[in-house]
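Since the structure comes first, as structure tokens, the remarks are kept for the end.
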Amino acid sequence: MQFTVTETIAATRDEVLRALADPDYYAHLGEAATAVRAPELLSVSEDAGAIHTSVRYAFDGTLSGPAAMVVDVDKLTWVIDTTYDTGTYAGRLVVVPDHYVGMLRCDGTLTLEDDGHGATIETVTGRLEVRVPLVSGAAEKAIFGGFTRHFELEAVAMAEYCAGRR
């Protein structure tokens, strides 16, 4: 499935980029998580006008129906590798499952736009593909629903974090 998700973050683009490179932000983000455990920042680096992050997430909910028969909930962990260009405020992301590698693919582009009033409009456009016989469509919808809820919470958490750093 192709998707586009947009959220407004009550912080400037530069504040958002600084937070994305700050380990304290990820600890703060864990307080806002619902169906995922607190994220684990695996690495962050800044070089040649780019910020690279690798962050591990783990599902913290329950599965039902056919998904529960196919997937071990304790193995639903994944790493999101992201690269932001600090000059263009655009980037790429790739989701790398720790388990079930052949069952999930997700990648996309990110943009951070200045809304002209001190806030940032973050847009993620990408592709999500689940390859599980009989449940792929339902799984994609469920994963996308969780992603959009997390994206909304992350926008609020980012704004709170940046406000506390001003």
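Points to keep in mind about this one:
- Taking a span of 27 Å or more along the helix axis (Cα atoms) and a mean Kyte-Doolittle hydropathy of at least -1.0 as the rule, the DSSP H helices of the chain that qualify are 136-165.
- Size descriptors for the chain, from the alpha-carbon set: Rg then Dmax equal 15.9, 50 Å.
- In the chain, the calculated helix contribution to ellipticity at 222 nm averages -10000 deg cm²/dmol per residue, counting -39,500 (n - 2.57) for every DSSP H run with n ≥ 4.
- Ordering Thr83, Ile51, Phe147 by Cα displacement along the dipole of the chain toward the positive end leaves Phe147 in first place; charges were set at the Cβ atoms of Lys, Arg (+1) and Asp, Glu (-1).
- Summing charges over neighbours of Val55, with a neighbour being any other residue whose Cβ is under 14 Å away from its Cβ, gives -4 when K and R count +1 and D and E count -1.
- Charge tally in the Cβ shell below 13 Å around Ala139, where Lys, Arg are +1 and Asp, Glu are -1, Ala139 excluded: +1
- Computed from point charges on the beta carbon alone (+1 for Lys and Arg, -1 for Asp and Glu), the dipole magnitude for the chain about its Cα centre is near 480 Debye.
- The residues packed around Leu112, meaning those with a beta-carbon under 9 Å from its beta-carbon, carry a net charge of -2 if Lys and Arg are +1 and Asp and Glu are -1.
- Among Ser45, Ser54, the order by Cβ neighbours within 10 angstrom, fewest to most, reads Ser45, Ser54.
Read-outs: derived from the displayed coordinates by stated rules, not from any lab. Keep in mind it's a predicted model, so treat the numbers as computed, not measured. Every residue, glycine as well, gets a Cβ built from its backbone with ideal geometry; the counts of neighbours run over all protein chains shown.
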